Amino acid sequence: MKPKKKVENQNLSKAKKSKLPPTQELRDLFLEAASSMEGLASDIRHRDAQGGAGGLVELDPNLPCLILPDLHARPAVLEALMETQAPFEEQDLDVRSGLEQGLLQVVMLGDGPHSEGRTGAERWQKAFQEYLHGWSKDEAMRLEMGLAFRAMELVARAIIDFPDRFFFLKGNHDNIMNKEGGGDHGFYKFAEEGAMAKDWTEKVMGPEFLCAYAGFERAFPLMARGGGFLACHAEPAFPMTEEEVINARERPLIIEGLTWTDNEASAPEAVEETLKAFLPEGSRPGLIFGGHRPVADRFKLRAGGRYVQIHEVGRMQAAWVLPGKPFDPISGIIDLGRPE
């Protein structure tokens, strides 16, 4: 498949991509998607000790899986995903058709909001000046948040349309309240992104919308288990067990340890021991797929090759994982969208 151009170089209309439906309609959509995630059958999403939706979802071990890295306010990723030609050997169909026919599944590794890259940095710096002036003008921030909510609108629609085949995992940026605690931390990088996003959303979209979107985020699972692999936003910070991840809502260190781990900060045995705890003996040693920190040249192998990190900023990519076959990152990481 011929590589696509990087997102920042594509001829996209940012205004068009960031256009949102009415606030009430969007709020109701996020509430419906949250309910769908929370209501998944227990054989797909384990129940925690309180009877709620746990942090672990089960993928179909017999279906191919596309794993997408961090989203970061890029609706173009979802649009490109659905029209991507699924790389089946004998079938000619795009990802949307594959989802509709139950022939594949998708896992996204989180981080819905907060643009990255050079363009994102410039927009956040402009938006910061708007923030300091009380949003008397908010052109940059309106574009930024429009892109974020448009991207997550597409995620929510996919969750509703394909509840047992499309999953979005929690990342460290999925914290619209910019709260500190419970496994979350406030976020800032190019500006005060976390505080700015909460303030703008509450003042422009309204407090009811803000709470609805926060509930949507709270419904995200933390980890997906497939045939011979796990997927989570960040490299596990320490060895984890199934019971701990399922009950992560009551275990902040698990949430933090699956969403905030910096490169080289994971305990040396974390990946290997976590794989042993989650995968049956016949599926080991297995792999963990994650994103979180940017990588160069499409992917980075960590933890002795057992952790596959995919998150090249600006590129639209996914890992294509086939059941019962070893994963080769050279051929298995594909670019999204129609070939040029």
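If a/c stays under 1.5 just call it rounded; otherwise compare a/b with b/c (prolate if a/b is bigger, oblate if not). Do that for the range 166-271, with a ≥ b ≥ c from the square roots of the Cα gyration tensor eigenvalues. Write down the numbers at each step before the final one.
Values: a/c = 2.38, a/b = 1.71, b/c = 1.39.
In terms of gyration-tensor shape, prolate.
Scan [x] 125; [y] 215; [z] 144 for the value of volume of the Cα convex hull per residue in Å³ calculated from this model and give just the label.
Here volume of the Cα convex hull per residue in Å³ agrees with entry [x].
Specify whether the C-alpha gyration tensor of the range 100-207 places it in the rounded, prolate or oblate class, a ≥ b ≥ c being the square roots of the eigenvalues: rounded for a/c under 1.5, otherwise prolate if a/b is larger than b/c and oblate if not. It would help to have the intermediate numbers written out before the result.
Details: a/c = 2.17, a/b = 1.88, b/c = 1.16.
In terms of gyration-tensor shape, prolate.
What's the carbon and sulfur percent of the chain's accessible surface, probe 1.4 angstrom, rounded to a whole number? The partial results should precede the final answer.
Details: 7070 of 14370 Å².
C and S atoms contribute 49 percent here.
In nm, to one decimal, how far is the modelled label at Gln50 from the one at Leu103, with both set 7 Å along Cα→Cβ?
For Gln50 paired with Leu103, the spin-label model returns 4.2 nm.
Please compute the modelled spin-label separation between Ser35 and Lys276, points set 7 Å along Cα→Cβ, answer in nm with one decimal.
4.5 nm
Can you pull the one-decimal nm distance between simple spin-label points at His133 and His185, each 7 Å off the Cα toward Cβ?
3.3 nm
Taking amide H positions as placed in the peptide plane 1.01 Å from N, state which residues far from Met240 in sequence (5 or more) or on other chains have amide H under 5 Å from it.
Excluding prolines and chain starts, which carry no amide H, the hits are Thr274.
Taking the Cα centre of the chain as origin, work out the dipole magnitude from +1 charges on Lys and Arg Cβ and -1 charges on Asp and Glu Cβ, in debye rounded to 20.
Details: 40 positive and 53 negative charges, 189 e Å.
Dipole size: approximately 900 debye.
Going by accessible area, probe 1.4 Å, with all protein chains left in place, what is the ranking of Trp200, Trp135, largest first?
Working: Trp200 5, Trp135 25 Å².
Ranked from most to least accessible, the order is Trp135, Trp200.
What number, rounded to the nearest 500 deg cm²/dmol, is the helix-based mean residue ellipticity at 222 nm of the chain, given -39500 (n - 2.57) per DSSP H run of at least four residues and division by all its residues? Provide the component values of the computation, followed by the final result.
On the way: 12 runs with 120 residues, N = 340.
The helix-only estimate for the chain comes to -10500 deg cm²/dmol at 222 nm.
May I ask you to derive the relative contact order of the range 105-206, considering only C-alpha pairs under 8 Å and at least 6 residues apart, and to give it as an integer percent? Present the calculation step by step, with values, prior to reporting the outcome.
On the way: 110 pairs, mean separation 35.9, N = 102.
Taking the mean separation of contacting Cα pairs over the length of the range 105-206, I get 35 percent.
Which whole-Hz ³J(HN,Hα) couplings does the range 77-84 yield from phi under the Karplus relation 6.51 cos²θ - 1.76 cosθ + 1.60, θ = phi - 60°, glycine and proline marked x?
After applying 6.51 cos²θ - 1.76 cosθ + 1.60, I find 5, 5, 5, 5, 4, 5, 9, 5 Hz.
Please label the shape of the range 210-340 as rounded, prolate or oblate, based on the square roots a ≥ b ≥ c of the eigenvalues of the alpha-carbon gyration tensor (a/c under 1.5 means rounded; beyond that, a/b larger than b/c means prolate, else oblate). All intermediate terms of the calculation are to be shown ahead of the outcome.
Working: a/c = 1.58, a/b = 1.15, b/c = 1.37.
Note, shape of the range 210-340 comes out oblate.
In terms of modelled amide H atoms, which long-range or inter-chain residues lie less than 5 Å from the amide H of Gly54?
His46, Arg47, Asp48
For a paramagnetic label modelled at 7 Å from the Cα of Gln91 toward its Cβ, which residues of the range 47-65 fall within the zone defined by backbone nitrogen distances under 19 Å?
Counting backbone N atoms under 19 Å from the label point, the list is 59-65.
5 Å is the cut-off here: which amide hydrogens, built 1.01 Å from N in the peptide plane, fall below it relative to Phe166, excluding neighbours closer than 5 in sequence?
Val106
Leaving out ligands and nucleic acids, note down the accessible area per residue over the chain with a 1.4 angstrom probe, in whole Å².
With all protein chains present, the chain gives 42 Å² per residue.
Hey, which of these cross-link pairs are over 24 Å Cα-Cα: Lys179/Lys276; Lys137/Lys170; Lys137/Lys198; Lys126/Lys170? The partial results should precede the final answer.
Working: Lys179/Lys276 33 Å; Lys137/Lys170 32 Å; Lys137/Lys198 17 Å; Lys126/Lys170 28 Å.
The answer is Lys179/Lys276; Lys137/Lys170; Lys126/Lys170.
Sort the following peptides by mean Cβ neighbour count (other Cβ atoms within 10 Å, averaged over residues), highest first: 185-195, 164-174.
On the way: 185-195: 17.5, 164-174: 24.8.
The packing order, highest mean first, is 164-174, 185-195.
State, as an integer percentage, the relative contact order of the range 239-340 based on alpha-carbon contacts under 8 Å between residues 6 or more apart.
On the way: 115 pairs, mean separation 18.7, N = 102.
Relative contact order of the range 239-340: 18 percent.
For the chain, give the share of DSSP beta bridges that are antiparallel, in percent and rounded to the nearest 5; count only bridges with both residues there. Could you put the intermediate results ahead of the total?
Values: 17 of 33 bridges.
Bridges in the chain that DSSP calls antiparallel: roughly 50 percent.
The values are calculated or read from the model by the stated rules, or taken from the named source; none is laboratory data. What you are looking at is a predicted structure, and each value in this text was computed from that prediction instead of being measured. Cβ sites come from the backbone with ideal geometry, for glycine too, and all protein chains shown count toward neighbours. To get the accessible areas, we keep the full protein, side chains included, count just its heavy atoms, and leave off ligands, DNA and RNA. Shrake-Rupley method; radii C 1.70, N 1.55, O 1.52, S 1.80 Å.
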